[in-house]
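The structure appears below as structure tokens.
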Amino acid sequence: MSKLYIVPTPIGNLKDITLRAIEVLKEVDMILAEDTRKTGHLLNHYAIKTGMLSHHKFNEHKRKEMIISRLLDGETMALVSDAGTPGISDPGFLLIRECIINNIDIESLPGATSFVPALTNSGLPSDRFVFEGFLPHKKGRQKKLKELVSSPYTMIFFESPHRLIKTIEQFIEYFGADRKASISRELTKIFEETQRGTLAELKDYYKGEKIKGEIVIIVEGSQ
């Protein structure tokens, strides 16, 4: 019976995968991987022999028809990203929507995503929050920040190391230097780090640092 499984994979520590996810990856006919080399490392670790097909933001438009055709023919597939949950700032949405249009069964497994541990250990309110992912680099960036100035909810952002200082400076400009925030990087990895304080304090801390790793920024909502 055809089915697409949405399978979260570890964001760092390879032990952060569910038994069910391993079982699904072993049993499906094909694994759709954002980067077959990175996914191959995970598969080798758990002795998973299932074949892979690349599925990423540069080919998802042209490949979706072929994938849908194979699913309609009765294949089962697992969609994975490089790390975390597919569709959360990663490819996945287009294929999932196409499966829904074609009445293909979809099953989404629970599992790793980086913003949840970053939020829960930030010390900021986690009962209501907005996930913004990566802000636009140019067009629409200022408009989005203006929209968020008065948001009462804790805000979650993804950012790359080389843009971190610039982003903090923009947050200070729009949200104010005293707004509380938390910055987590390399979550679940050996050099995992979380720094908490005001935006001004975080800017001072990171200004002289050589920043590496994936970054999640949690910013306090407007009081």
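Rule-based calculations on the coordinates, nothing more; no lab input. Note that the structure is a prediction, hence the values are computed from the model and not measured. Ideal geometry is used to build each Cβ from the backbone, glycine not excepted, and the neighbour counts take in all protein chains shown.
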Sorted largest first, extent of the stretch 3-108 alpha carbons per principal axis (Å): 35, 25, 20
Using the crude model of +1 on Lys and Arg Cβ and -1 on Asp and Glu Cβ, and no other charge, please compute the dipole size for the stretch 115-219 relative to its Cα centre, in debye to 20. 440 debye
Using a Cα-Cα cut-off of under 18 Å, which lysines could be cross-linked to Lys212, ignoring same-chain neighbours fewer than 8 residues away? Lys166, Lys189, Lys203
Between the helical axis of 60-72 and the dominant principal axis of the chain, each derived from Cα atoms, what acute angle in degrees is found, rounded to the nearest 10? 40 degrees
Tell me, what HN-Hα J-couplings in whole Hz come from the Karplus equation 6.51 cos²θ - 1.76 cosθ + 1.60 at θ = phi - 60° for each residue of the stretch 109-115, using x for Gly and Pro? 7, x, x, 5, 7, 5, 6
Helix-only [θ]222 nm of the chain, DSSP H runs n ≥ 4, -39500 (n - 2.57) each, per residue, nearest 500: -10000 deg cm²/dmol
On a full-extension model of 0.36 nm per residue, what is the gain between Ile101 and Asn121, subtracting their alpha-carbon distance, rounded to one decimal in nm? 3.3 nm
Within 10 Å of each residue's Cβ, count the other Cβ atoms and sort Asp35, Asp204 from fewest upward. Asp204, Asp35
In percent, how large is the relative contact order of the stretch 3-108, given Cα pairs closer than 8 Å and 6 or more residues apart? 44 percent
FRET efficiency (Lys138, His61; Cβ distance; R0 25 Å; to 0.05) is 0.60
Radius of gyration and maximum dimension Dmax of the stretch 115-219, Cα, Å: 12.7, 37
Considering only DSSP beta bridges where both residues belong to the stretch 115-219, give the percentage that are antiparallel (nearest 5). 75 percent
If you take the charge dipole of the chain about its Cα centre, with +1 on Lys and Arg Cβ and -1 on Asp and Glu Cβ, which of Ser2, Gly111, Ser54 is farthest toward its positive end? Ser54
Determine the sum of side-chain charges near Phe157: Lys and Arg each +1, Asp and Glu each -1, restricted to other residues whose C-beta is under 11 angstrom from that of Phe157. 0
Under 8 Å for C-alpha pairs, at least 6 residues apart: give me the relative contact order for the chain, rounded to a whole percent. 22 percent
Holding the Cα-Cα limit at 22 Å, pick out from Lys57/Lys138; Lys3/Lys62; Lys38/Lys207; Lys62/Lys143 the pairs that are longer than that. Lys38/Lys207; Lys62/Lys143
In the chain, what % of DSSP beta bridges are antiparallel (nearest 5)? 45 percent
Quick one: Debye curve from the C-alpha atoms of the stretch 34-189, no solvent, what's log10 I(q)/I(0) at q = 0.10 Å⁻¹? -0.49
